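S.K.: Pasting a structure below so you can have a look.
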Amino acid sequence: MLDYVKENKGLAAIVIIVVLGVGGYFAYNSGSSTQPLSSTSSTSTPTSKVSRELLLTLSDLRSITLDNSIFSDAAFTSLVDFRVDIPLQPVGRQNPFERLSPQGTRTPAPARR
């Protein structure tokens, strides 16, 4: 038997790796206590702390009202727009990678071989 293992070291190594991999897979997955995503429990009532916090935040956001009187305030109406209009610029060449001749006119690119 020992001679057989010495002659087939590659096969023995593959068998050992596969056995260890399968054992590790089962050991890793057997300790899992979380429920799968497709559980059939009722999702209409929030049970986790995160979902309760999310619903509380959502209800707080829905209760917010904005006061539009700020737009008629003297401080807001005294603001000045310092925007600078950028004039339209001429558009560049159709093909920016096309070669230029010494005079600045287009020359056809050499054909690929």
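S.K.: Does residue 55 satisfy the criteria of being surrounded by 10 or more Cβ atoms within 10 Å (Cβ to Cβ) and at pLDDT 85 or above?
M.R.: Yes.
Every residue, every condition in (1) part of a helix (DSSP H, G or I); (2) modelled with pLDDT of 75 or more; (3) loosely packed, with under 10 Cβ neighbours inside 10 Å; (4) among the small types (Gly, Ala, Ser), yes or no:
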| site | (1), (2), (3), (4) |
| --- | --- |
| 10 | yes, yes, yes, yes |
| 13 | yes, yes, no, yes |
| 71 | yes, yes, yes, no |
| 83 | no, yes, yes, no |
| 88 | no, yes, yes, no |
| 91 | no, yes, yes, no |
| 109 | no, no, no, yes |
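The values are calculated or read from the model by the stated rules, or taken from the named source; none is laboratory data. Just so you know, these numbers come straight off a predicted model, no measurement behind them. Quick reminder, even Gly has a Cβ in these numbers, built from the backbone with ideal geometry, and neighbours come from all protein chains shown.
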